[in-house]
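Encoded as structure tokens, the structure appears first; notes follow it.
The values are calculated or read from the model by the stated rules, or taken from the named source; none is laboratory data. This is a predicted model, so every value here is computed, not measured. Neighbour counts are summed over all protein chains in view; Cβ atoms, including those assigned to glycine, are modelled from backbone coordinates with ideal geometry.
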Amino acid sequence: MSGTLHEISIEVNGKLRKAQVPARLSLVDWLREDLCLTGTHIGCEHGVCGACSVMLDGEPVRSCLMYAVQANGHRVATVEGLAKPDGSMSVLQDSFCETHGLQCGYCTPGMLIASQALLNSNPNPTEAQIRDAIGGNLCRCTGYQQIVEAVQLAAKPAAFPLLG
Amino acid sequence: MYPTTPPPAAAPLLEEEGKTLRAMTGFRYIGAKRRAKEHPRFVSGRGRFVADIALPGMKHVALVASPHASARIVSIDTSAALAAPGVLYVLTGEEFCANTDSLMIGVDAPKVTRWALARGVVRYAGEWVAAVVADSRALAEDAAERIEVEYEPLPHVIESEAALAPGAPLVHPAHGSNALYHRKFVWGPVEEAFANAGHRIAFRAVWSRSATVPIETFGVAAQWDAGTGILDIWASIQMPKFPDQAARALRLPGNAVRVHYDVDVGGSYGVKRGLKHAVLVGYLAKKLGVPVRLIEDRLENLRGGDMQGPDRFFDMQVAFDADGAIRAMKIRAVDDVGAYAGRSPFQLGKPVTAICGPYAIGAIEYEPTSVMTHKTPQEAVRGFGQSPTNFAIERAIDRVARHLGMDSIELRKKNFIRRDQFPYTIPSGSTYDSGDYHAVLDETLAAIGYASLVRARDEARSSGRLAGIGISSCLEPSGGNSAFEVLMNPKNENTTWMDSCLVRVDLSGSVTGVINNSSAGQGHESLVSTVLGEILEPILSPRSPPTARSAAAWRSCWGVPPQAPRKRSRKR
Amino acid sequence: MKAAPFEYARAASLSEVCALLATHGDGAKLLAGGQSLVPMMAMRLVRPAWLVDINEIPELKFIAVEKDMARTGACTRQCVVERDPALAARVPLLRQALAWVGHVQTRNRGTIGGSLVHADPCAELPLVAQVLGARMLLRSGSGTRTLEAEKFFSGPMATSARSDECLEEIHWPAWSWRHTGSAFTEISVRHGDFAMVAAAAQIAIDGDGRCVRAAFGLGGAGGTPLAFPKIAARLVGTRLDDAVVNDAAHSAAIETEPGSDLHASAEYRRHLAGVLAARALCEARERARSR
């Protein structure tokens, strides 16, 4: 029964990837183990921590709550796809570094996906909107304040002097 | 609903402090606002956590855990699991405990033994009973479900006072009692102070059990190389003497275990000891001749795959005068370490070094007891025991204030060690090197606008709401968590926390600092490279600060200056 | 926490779904947003032999706003419902409730129908359905039937849907009075969690400020979401002053039989029920007045 494999064809970070996968293989496990895109992390496997957040067709979702087969025919973007085309850090990634919006780095990819999604649809968010956008992502290190500042900085780089 | 952003005044203050520090010390990099070296890889998803490491041919472990707090294992039937698809091996305690040694315990309690898998009895709900090795974690879980364990539930005790009472079920009967450690320290004329003091109060402060729940659960991968006789371990750890203890349990020479410290750790806050996981996985890797990996899932983590936090009550007695001067304190600390102990009893030892907090209290009696119950074991969660003790001391201060009808801020100031009294030796013998506690408290009150907070509190109260302002002034002894190990176990001849920093300058003038401690987000690489850069840059040439691999904290800093002058003379 | 093995079929149409359900009966579960089902499968609390994926069926994903009601396809994503301006105008309670549902990530996958079928008595959308008297259209191989919310929710985590039925669409009654206002409020341990207690209310008043229609209900206060049509009927004709509103809220609260658990005792839940019902009614009243 568990032997049935399903063909999938999913665009991941702009590249079409094809595979044959068992139905119960989660999207996050497929990305990490089969595609070796280990930037997306597993924290709970039951949809509460947000570490596994990826963009599905441009919107953040919990990749631990999807099976890879379900993403067939869709677009996925992971943290590895957030960099600029020349490979350098995006404004948001740079801002996280500037404000020290991370410590251990484990929740960071999920935070980046959630906040990038916010900035994509709302380039000038209020603090309340930022906290709502990352409300589905848990962090045990920072206390969130500097993550919020990172998103604020990314939205308004002119307001904060960057030390580089 | 949401906390407000910090007041703008805070940022310039820090900038000012940085400039002042640099002016005082002449440091160019230490104390300056800098970015962290680690962060670029984390924001680009290129961190290297243990679950990111793929070893060719790697197999995966799933576990069977006891649902009972205390039970005899009557039988374990692994036949159906062994026949399940993709399964390589099924391990139970019978084999594992016979072929490995018990994990070390810090206190003198040789009959309190511990292995990763239970043998004969289980001592807490969540204790592992069997391990399945299979081609994937999913297949291992499928097989684990087919293992049939027959238990005979036994009486259990899950509360520390009940565990200390006569007739309580014994967690480790061979040890003879549930008291793992007990001692009474009397420093100064305690009884005399209690007899002569104008007032006395007694109360209990309770510090409840918690778990740090890092977003990354514990994980370990191991690979045995029969050719070199070396076991490689990659793990998400925060644990001193980790390779030594793993080697010992595996009956390998200490230098046969190579731990890779350049594994990123996704938060720990004290709990990621990982010894039982590492010994289990190391044993399987060596026995099966394939790399083996165990990543705790969240349920395993919550049930105590690794550890939980202090679970302690303090029976406090305070003797003081009518003017608020505190003469003596008695602290009876009872700590529930759960069913097994590693370093956890030491959490009762660390507070000895700051047993009176910031207060000039001349006589202290400290009676710590470490108790075993049928609960998940405890480990050195953040603060390593000082935080619960600080809580108890601060509760005492507030209660004394309330008893006297005195303002608790005034009471604190009355009892603080004064600035002119430093260096100050406290009754237990440790010396506080410096401090100005009055100034710190005053600056804090000014920074938060205490007067307006009081007004807001009183307004809330007059409109029928409950409101209060909490003040707490604590000392956190930093530095070694090992200094008191010998205090708690005279048989322990080996307390020093071993670490070093190797500084290499190569032909191109690049400097590499190599240390042996993983970072769980503390930014060790940034710290070490900053310090190395500060000291070596003028010697080498004016170039940007050096690179560093695998950083540690202050220990490496202390190691660096003595080396630097030697390098300097060699260069000349 | 990997799910036990299962067979998977991605249905392309509703008739395909019905055929699969007819074949596999109790052995099959429908997979919509998966935000509740997949965690349960990861913990192996649920292990269906077949998962029928209904996420890619266009006929299940739509919003149609009509004169007296809005129709939503069962697989319409919660975030789509939340953002739809026509729906916000005609059935505002949906957007107000969705602000309390989970987080951004869960609303991007979670579906309107999935939440209703999951039937958690502490969930927000079932409460809205109960309060508004929404109608569920259920399709099976033998045809279609419609169930009112009251008949649809049968107990905690249970509905009257048969194992061969698929929720197809939901009809949300829309009120026609100009001065209509609604409100949703809840108390939960953390924002985004299921509610300890939730309250939803909708009020319509005439030009003179008298109530012409009222509806309100409570979640987390019983085995199913609770609506109080008889108590709400007593509000009609009044000016909805605070005393009247508080009396209605109190009457509803004492009718409830909430449970006790780790987070809240029954007494506390009953207390919350009264407080939140009053708040929701007052907020709905203010919104109605301001229209």
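Only one of (1) modelled with pLDDT of 85 or more; (2) among the aliphatic types (A, V, I, L, M); (3) touching a Gly at 6+ places or on another chain (Cβ under 7 Å) is not met by residue B:540, so which one is it? Of everything listed in (1) modelled with pLDDT of 85 or more; (2) among the aliphatic types (A, V, I, L, M); (3) touching a Gly at 6+ places or on another chain (Cβ under 7 Å), residue B:540 misses just condition (1). Residue B:477 passes every criterion in (1) surrounded by 12 or more Cβ atoms within 10 Å (Cβ to Cβ); (2) modelled with pLDDT of 85 or more apart from (2).
Listed here are the residues, each with its yes/no results for (1) modelled with pLDDT of 95 or more; (2) of a type outside the set (A, V, I, L, M); (3) over 30 Å from residue A:49 (Cβ atoms).
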site: B:156; (1), (2), (3): yes, yes, yes
site: B:166; (1), (2), (3): yes, yes, yes
site: B:189; (1), (2), (3): yes, yes, yes
site: B:195; (1), (2), (3): yes, no, yes
site: B:210; (1), (2), (3): no, yes, no
site: B:221; (1), (2), (3): yes, no, no
site: B:241; (1), (2), (3): no, yes, yes
site: B:250; (1), (2), (3): yes, no, yes
site: B:257; (1), (2), (3): yes, no, yes
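Quick check, is residue C:204 touching a Phe, Trp or Tyr at 6+ places or on another chain (Cβ under 7 Å), over 15 Å from residue C:94 (Cβ atoms) and part of a strand (DSSP E or B)? Spelling it out, residue C:204 is indeed touching a Phe, Trp or Tyr at 6+ places or on another chain (Cβ under 7 Å), over 15 Å from residue C:94 (Cβ atoms) and part of a strand (DSSP E or B). Selection of the range C:1-27 for residues being without any contact (Cβ under 8 Å) to a residue 40 or more places away in the chain and either at the interface with chain A (Cβ under 10 Å from one of its Cβ atoms) or crowded, with 17+ Cβ neighbours inside 10 Å (or both) yields C:5, C:20, C:24. May I ask you to verify whether residue C:182 is touching a residue at least 60 places away in the same chain (Cβ under 8 Å), assigned to a strand (DSSP E or B), under 28 Å from residue C:60 (Cα atoms) and among the hydroxyl-bearing types (Ser, Thr, Tyr)? Judged against the criteria, residue C:182 is a match. In this entry, residue A:102 passes the filter for residues that are surrounded by 22 or more Cβ atoms within 10 Å (Cβ to Cβ), closer than 18 Å to residue A:42 by Cα, over 12 Å from the mean Cα position of the chain (by Cα) and at the interface with another protein chain (Cβ under 7 Å from one of its Cβ atoms). The set of residues in the range C:38-54 being buried (at least 21 other Cβ atoms within 10 Å of the Cβ) and either touching a residue at least 60 places away in the same chain (Cβ under 8 Å) or assigned to a loop (DSSP other than H, G, I, E, B) (or both) consists of C:54 alone. Annotation: residue B:268 fulfils all but one of (1) small (Gly, Ala, Ser); (2) touching a strand residue (DSSP E or B) at 6+ places or on another chain (Cβ under 7 Å); (3) modelled with pLDDT under 95; the unmet one is (2). Given the condition within 21 Å of residue A:103 (Cα to Cα) and outside any helix (DSSP H, G or I), answer yes or no: does some residue in the range B:285-302 qualify? Among the residues of the range B:285-302, not one is within 21 Å of residue A:103 (Cα to Cα) and outside any helix (DSSP H, G or I), which makes the answer no. Does residue B:324 fit the bill of being touching a residue at least 60 places away in the same chain (Cβ under 8 Å) and either touching a Pro at 6+ places or on another chain (Cβ under 8 Å) or within 14 Å of chain C (Cβ to nearest Cβ) (or both)? Answer is no for this residue. Counting only strands (runs of 3 or more DSSP E) that sit wholly inside the range B:29-101, those with at least 2 residues that are over 30 Å from residue B:155 (Cβ atoms) are B:59-65, B:87-92. Among the residues making up the range A:1-59, those that are more than 7 Å from every other protein chain (Cβ to nearest Cβ), assigned to a strand (DSSP E or B) and either farther than 29 Å from residue A:120 by Cα or among the hydroxyl-bearing types (Ser, Thr, Tyr) (or both) are A:5, A:7, A:9, A:19, A:20, A:21, A:22, A:26. Taking each residue of the range B:72-91 that is away from every other protein chain (no Cβ under 14 Å) and looking for partners that are among the charged types (D, E, K, R) with beta-carbon atoms closer than 7 Å, six or more apart or interchain, yields B:72/B:152; B:74/B:150; B:74/B:152; B:75/B:150; B:77/B:148; B:80/B:146; B:81/B:146; B:88/B:59. Taking the range A:60-83 as the range and being surrounded by fewer than 24 Cβ atoms within 10 Å (Cβ to Cβ), assigned to a loop (DSSP other than H, G, I, E, B) and within 8 Å of chain B (Cβ to nearest Cβ) as the test, the residues that pass are A:82, A:83.
Among the residues of the range A:84-98, are any within 17 Å of residue A:14 (Cβ to Cβ), more than 13 Å from chain B (Cβ to nearest Cβ) and part of a strand (DSSP E or B)? Scanning the range A:84-98 turns up no residue that is within 17 Å of residue A:14 (Cβ to Cβ), more than 13 Å from chain B (Cβ to nearest Cβ) and part of a strand (DSSP E or B).
A count restricted to the range B:35-66 and to residues that are within 7 Å of chain A (Cβ to nearest Cβ) and β-branched (Val, Ile, Thr) stands at 1.
For every residue, the table says whether it meets (1) more than 20 Å from residue C:226 (Cα to Cα); (2) touching a Pro at 6+ places or on another chain (Cβ under 8 Å).
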{"residue": "C:125", "(1), (2)": "no, no"}
{"residue": "C:130", "(1), (2)": "no, yes"}
{"residue": "C:137", "(1), (2)": "yes, no"}
{"residue": "C:152", "(1), (2)": "no, no"}
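What helices (runs of 4 or more DSSP H) lie completely within the range C:67-138 and have 3 or more residues being over 14 Å from residue C:172 (Cβ atoms)? Don't jump to the end; show me each part of the working.
Working: elements: C:78-83, C:85-90, C:92-98, C:104-109, C:112-118, C:124-132.
By residue number, C:78-83, C:104-109, C:112-118.
Report yes if residue C:84 is of a type in the set (D, E, K, R) and either touching a residue at least 60 places away in the same chain (Cβ under 8 Å) or within 14 Å of another protein chain (Cβ to nearest Cβ) (or both), otherwise no. Answer is no for this residue. Only one entry of C:269, C:234 meets the criterion of being under 21 Å from the mean Cα position of the chain (by Cα), among the basic types (Lys, Arg) and assigned by TED's automatic domain parsing to the domain that holds residue C:189, and that entry is C:269. Restricting the first member to the range B:374-388 and to residues that are closer than 14 Å to residue B:355 by Cα, and the second to residues that are in a loop (DSSP other than H, G, I, E, B), the beta-carbon pairs closer than 6 Å and six or more apart or on different chains are B:384/B:481; B:386/B:476; B:388/B:310.
For the range A:109-147, the candidate set comprises residues that are away from chain C (no Cβ under 11 Å) and without any contact (Cβ under 8 Å) to a residue 24 or more places away in the chain; within that set, the residue that is nearest to residue A:77 (Cα to Cα) is A:122.
Given the condition small (Gly, Ala, Ser) and surrounded by fewer than 22 Cβ atoms within 10 Å (Cβ to Cβ), answer yes or no: does some residue in the range A:134-146 qualify? Among the residues of the range A:134-146, at least one is small (Gly, Ala, Ser) and surrounded by fewer than 22 Cβ atoms within 10 Å (Cβ to Cβ), which makes the answer yes.
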